[in-house]
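Let me begin by presenting the structure, written as structure tokens, before commenting on it.
The values are calculated or read from the model by the stated rules, or taken from the named source; none is laboratory data. All values reported here derive from a predicted model rather than from experimental measurement. Note that we place each Cβ from the backbone using ideal geometry, even for glycine, and neighbour counts take in every protein chain shown. Please note that ligands, DNA and RNA were not included when accessible areas were found on the heavy atoms of the full protein model with its side chains. Shrake-Rupley method; radii C 1.70, N 1.55, O 1.52, S 1.80 Å.
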Amino acid sequence: MAAPPDMEPSALSLELLPTDPLLLILSFLDYRDLMSCCCLSRRLNQLSSHDPLWKRHCKKYWLISEEEKRKRNQSWKAVFISTYSDLGRYIRYYATLKKAWDDLEKYLGQRCPRMIGSLKESVREEDLDAVEAQIGCKLPDDYRCSFRIHNGQKLVVPGLMGSMALSNHYRSEDLLDIDTAAGGFQQRLGLKQCLPLTFCIHTGLSQYMALESVEGRNKYEIFYQCPDQMARNPSAIDMFITGTSYLEWFTSYVNKVVTGDYPIIRDQIFRYVHDKECVATTGDITVSVSTSFLPELSSVHPPHYFFTYRIRIEMSKDALPEKACQLDSRYWRITNAKGDVDEVQGPGVVGEFPIISPGRVYEYSSCTTFSTTSGYMEGYYTFHCLYYKDKFFNVTIPRFHMVCPTFKVSTARMVSAGALLFILVETNHNEYAVDEDEDSTDTDEYEDRRRVLDIPAPPGRCPRHT
């Protein structure tokens, strides 16, 4: 039956709606929409100020704990607003970077406590603004955000950004504080408008971040510089790419540290990468391998890619005592990306003949080079039993691959290559041609390359394939 014409349905009033359903709806709103609701009506202003609504946003964006909130003696909404007034421009990055820093500090506090003492306190917004004015470039917000949490570290050893050690080569990279980074800002050709992020006091090695898209780089790309030794042009700088943004670069590094992918050795973070499938067990002995690329000893032109690998040899703790044995020799089969094979055989490893017994672990590091951007190694060790000295057996070394990171060729080289091609066409001869495919692991060439890269000469030579 139709309603009488004089009985119009009453308009639904916000004031008449029950509180609980409205609070549930408001709980799905982002902080911006929640703040807008405060301006719509008295009822929504009252509801959107409900403290539990802001607790979620404080935890999501600022990682504010209950304990910190109690110390501030403020409501959750007041905590959110006061934090936003200071760090609002970084709201996209803050929680991710703060968690990374917190995870890193917790992990290192348990395993490398002395490294925690090298971290610097946060900087202020005006400090970052002053650096931008000094270098004449804008800093990316994710970089600025990280330095609002920690201002890098002191120039100490070990460095926060990882170490690497061979018998005659050592590096340890520090995360630079903002003032030191600004002092190393580059305007020279080849590294124009690049800011150093890390520094090694032993080798002079740095990772740089491009603050502008110039000289073939993408804005905010992070890389190791690699002088082009064949271009005869000091501004010809090739690049080994390590990150596409500060956020991605820093958080991916921290993740590898706190998950144990990068091992802690002698209170330092070592940037060895272990493939969990790169393990081989022969009887009671297990061999596993981790690898690392060394940009400071590598070059794109000429093609010379330097890798180090760390071998772990372990006998099961459940093995019988009479299984104790000693390593006599090694055999390597080394294959580059072209399929070229090199075989190496020799006594011991790194000049040692380790004894392996139940539960014992032996580890060592060595290195190799390729003229191709990738390659792999495999082989075996020959052992003899200590209880039965005439009994010999081989232990498999699993195949492990080494791959050069993505790199970019210098734009200066590309210009030079264009001019060179013109000369070759005009003169119809190839006296300028260079063979870049020759594979070499000669140690004298290695020493010469160190001098070209301005790396201090080591006390000895790097053992290969040991």
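What is the local net charge at residue 352, summed over the other residues whose Cβ is closer than 13 Å to its Cβ (Lys, Arg +1; Asp, Glu -1)?
With Lys, Arg at +1 and Asp, Glu at -1, the net is -1.
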Helix 51-62 vs. the chain, principal-axis angle (Cα, 0 to 90°, nearest 10): 20 degrees
Fraction of accessible area attributable to carbon and sulfur, the chain (%, probe 1.4 Å): 52 percent
Long-range HN-HN contacts of residue 160 with modeled amide H, under 5 Å: 175
In Å, descending, principal axis extents of the Cα set of region 94-258: 49, 45, 23
Two-site label geometry, residue 96 and residue 244: point separation in nm, points 7 Å out along Cα→Cβ: 1.1 nm
Per residue accessible area of the chain, 1.4 Å probe, in Å²: 49 Å²
In sequence order, calculated HN-Hα J values of region 279-293 (Karplus, 6.51, -1.76, 1.60; Hz; x Gly/Pro): 9, 9, 10, 10, x, 9, 10, 10, 10, 10, 9, 10, 10, 8, 9
Heavy-atom accessible area order for 80, 353, largest first, 1.4 Å probe: 353, 80
Charge sum, other residues only, whose C-beta stays under 12 Å from residue 66's C-beta, Lys/Arg counted +1 and Asp/Glu -1: +4
Those lysines that a straight Cα-Cα span of less than 26 Å connects to residue 391, excepting residues fewer than 8 apart in one chain: 317, 323
Among 68-77, 186-195, the order from most to least packed when residues are scored by Cβ within 10 Å on average: 186-195, 68-77
Estimated 222 nm signal from helices in the chain, with DSSP H stretches of n ≥ 4 weighted -39500 (n - 2.57), rounded to 500: -9000 deg cm²/dmol
Debye, to nearest 20: dipole size of region 94-258, +1 on Lys, Arg Cβ, -1 on Asp, Glu Cβ: 420 debye
Anisotropy class of the chain from Cα gyration tensor, a/c 1.5 cut: prolate
For the chain: relative contact order, % (alpha-carbon pairs under 8 angstrom, 6 or more apart): 11 percent
Inter-site label distance for residue 337 and residue 385 at 7 Å from Cα along Cβ, in nm: 4.6 nm
Bins of 10 Å from zero: percent of alpha-carbon pairs in region 348-400: 17, 46, 26, 10, 1
On Cα atoms only, tilt of 443-452 relative to the major axis of the chain in degrees: 40 degrees
Cα long-axis angle, helix 125-135 against the chain (0 to 90 degrees, to the nearest 10): 50 degrees
Too-long pairs where the Cα-Cα distance tops 19 Å, listed order kept, from 98/192; 98/256; 99/256; 138/219; 98/138: 98/192; 98/138
